[in-house]
Amino acid sequence: MSIIEKISTTIIEIPTIRGHVLSMATMLTQTAVILRIRFADGSEGIGEGTTIGGLSYGVESPESIQSAIEDYIAPLLLGRDGDDVNGAIHLMDRAVRGNRIAKSAVEIALWDGLGKRKDVSVAQLFGGAVHTRLPVAWTLASGRSETDIAEAQEMIEARRHNIFKLKIGKRPVREDVAHVARIKEALGDAASIRVDVNQAWSLADARWGLKGLQEAGCELVEQPVPARDRAAMAELTRGYEIAVMADEALNGPEDALSVVRADAADVFAVKVAQSGGLKRAAEVVAIGQAAGLGLYGGTMLETGLGTAAALQLFSTVETLKWGTELFGPLLLKDEILAEPVGYSDFCVEIPQGPGLGIALDESKIEFYRRDRLRRVHALSAE
Ligand code: MUC
Ligand code: MG
């Protein structure tokens, strides 16, 4: 028994190493909600709730995540036994609709606290890790083919990444296909090339797009059409050899089941935050596995904290046919963990130790607090 005594959040904002150009937004910074739960025995659990591009990617914003946690979820959980993670999940699901990223942040902190108190990793709480490292992709999204090629070559040379996801969907389809073909031709067999359209294409665009992409040697296309359009996803999954991956279409196990029922994907991009937490993400994994789909460890471009949480879960999944894209901390100009997540030999290393296996660098959290930045901006505007 370990009573939940305090739940608090801090919004931090960290610059990205370069503009990250997606079909719906260009990211110059990443904003994360960092959450702490303090338990009566003095132990602590930490979690992260992060989205992409304000409200342009999904229905939750950093501000809504913070408000859902502080105004609605915290009052439900204060005074409860922190060891009862399933009880907390059920309570959150009954009292709060949607708001999956907020629930995920809370659940991550509960697992972290429980793991620390029991002196086991979160992976052990999920049955035990079967991997110590996992393949990790990098996203090429500078917006320019030549810059992307140079960036990819550096990554291959440094043995950091040889799987690349290209962000497309902003330009006309034929220009996007030509961009992908240029990059594939320059990198050849040294690289696996995939694309993410982030829902930007109509079905007609996507027919041209998928034909061109597979001719260019691209292996996978992520969420080419709007998430709600299962019929279009199904037509594309059936109609082309290139693998079709569901991302925005997958908001938890119910969506996973409906995508499977509609035959609307070859691969699931499993995201902890989008699924509603580690437990729901594990359920999405199970549905994908049962349906014989390929699995991919996705990201919301979290800091090292959210990345460590995802790694704890994915380390327990036997086969992630398409690897992972858990590179979030590498896109940020600065590190908020005391000991960064390790990247080497085209893989990301699973953090070891109790709970999530990581600790925050408190001075960095203080430095990147958004309310502090606002104060600085306010001063400079005077
Ligand atoms: C997405 O849509 O998959 C993941 C990697 C990246 O660069 O953007 C994200 C979001
Ligand atoms: Mg995606």
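Yes/no per residue for (1) more than 16 Å from ligand 1 (Cβ to nearest atom); (2) assigned to a helix (DSSP H, G or I); (3) on the phi < 0 side of the Ramachandran plot; (4) in the same structural domain as GLU44 (by TED's automatic domain parsing):
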{"position": "ALA129", "(1), (2), (3), (4)": "yes, no, yes, no"}
{"position": "ASP148", "(1), (2), (3), (4)": "no, yes, yes, no"}
{"position": "GLU151", "(1), (2), (3), (4)": "no, yes, yes, no"}
{"position": "PHE164", "(1), (2), (3), (4)": "no, no, yes, no"}
{"position": "GLY169", "(1), (2), (3), (4)": "no, no, no, no"}
{"position": "GLU175", "(1), (2), (3), (4)": "yes, yes, yes, no"}
{"position": "VAL180", "(1), (2), (3), (4)": "no, yes, yes, no"}
{"position": "ILE183", "(1), (2), (3), (4)": "no, yes, yes, no"}
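Restricting to segment 281-293, name every residue that is of a type outside the set (A, V, I, L, M, F, W, C) and either within 14 Å of the chain's Cα centre (by Cα) or more than 22 Å from ASN198 (Cβ to Cβ) (or both). Explain how you work it out, then say what you get.
Narrowing segment 281-293 to residues of a type outside the set (A, V, I, L, M, F, W, C): 283, 288-289, 292.
The answer is GLU283, GLN289, GLY292.
Given the structure, is SER8 modelled with pLDDT of 95 or more, away from ligand 1 (no atom under 16 Å from the Cβ) and under 30 Å from THR139 (Cβ atoms)? Let's see the steps before the verdict.
Working: modelled with pLDDT of 95 or more: yes; away from ligand 1 (no atom under 16 Å from the Cβ): yes; under 30 Å from THR139 (Cβ atoms): no.
Considered against the rule, which asks whether it is modelled with pLDDT of 95 or more, away from ligand 1 (no atom under 16 Å from the Cβ) and under 30 Å from THR139 (Cβ atoms), SER8 comes out as no.
Among the helices (runs of 4 or more DSSP H) contained in segment 294-370, which hold 1 or more residues that are under 18 Å from the mean Cα position of the chain (by Cα)?
On the way: elements: 304-314, 328-331, 362-368.
Of the helices (runs of 4 or more DSSP H) lying wholly inside segment 294-370, those with at least 1 residues that are under 18 Å from the mean Cα position of the chain (by Cα) span 304-314, 328-331.
Of the conditions (1) out of contact with any Asp or Glu (no Cβ under 8 Å at 6 or more places or on another chain); (2) surrounded by 24 or more Cβ atoms within 10 Å (Cβ to Cβ), GLY277 satisfies every one except a single condition; which number is it?
Checking GLY277 against (1) out of contact with any Asp or Glu (no Cβ under 8 Å at 6 or more places or on another chain); (2) surrounded by 24 or more Cβ atoms within 10 Å (Cβ to Cβ), the one that fails is (1).
How many of the residues in segment 258-280 are more than 15 Å from ligand 2 (Cβ to nearest atom) and part of a helix (DSSP H, G or I)?
The number of residues fulfilling the criteria is 6.
So the check is Cβ under 9 Å with 6+ separation or different chains; which pairs have a first residue in segment 354-382 that's within 21 Å of ALA109 (Cβ to Cβ) and a second one that's modelled with pLDDT under 95?
Between residues of segment 354-382 that are within 21 Å of ALA109 (Cβ to Cβ) and residues that are modelled with pLDDT under 95, the close pairs are GLU366/ARG372.
Considering each residue of segment 1-53, count those that are hydroxyl-bearing (Ser, Thr, Tyr), in a strand (DSSP E or B) and touching a helix residue (DSSP H, G or I) at 6+ places or on another chain (Cβ under 7 Å), and give that number.
At the first step, the residues of segment 1-53 found to be hydroxyl-bearing (Ser, Thr, Tyr) are 2, 8-10, 16, 23, 26, 29, 31, 43, 50-51.
With in a strand (DSSP E or B) added as a condition, the list becomes 8-10, 16, 26, 29, 31, 50.
Applying the additional criterion that residues be touching a helix residue (DSSP H, G or I) at 6+ places or on another chain (Cβ under 7 Å) yields 9-10, 16, 31, 50.
Qualifying residue count for the region: 5.
Determine, yes or no, whether VAL272 is over 15 Å from VAL221 (Cβ atoms), at pLDDT 95 or above and more than 14 Å from ligand 1 (Cβ to nearest atom). Steps first, answer last, please.
Values: over 15 Å from VAL221 (Cβ atoms): yes; at pLDDT 95 or above: yes; more than 14 Å from ligand 1 (Cβ to nearest atom): no.
Judged against the criteria, VAL272 is not a match.
Could you tell me whether segment 234-251 includes any residue that is within 16 Å of ligand 1 (Cβ to nearest atom), part of a helix (DSSP H, G or I), aliphatic (A, V, I, L, M) and assigned by TED's automatic domain parsing to the domain that holds LEU166? Reasoning before the result, please.
Taking segment 234-251 as the starting set, the residues that turn out to be within 16 Å of ligand 1 (Cβ to nearest atom) are 243-251.
Next cut, part of a helix (DSSP H, G or I) only: none.
The answer is no; no qualifying residue exists.
The values are calculated or read from the model by the stated rules, or taken from the named source; none is laboratory data. Model, not experiment: these values are computed from the prediction. When we count neighbours, we look across all protein chains shown, and the Cβ atoms used for this are built from the backbone with ideal geometry, even at glycine.
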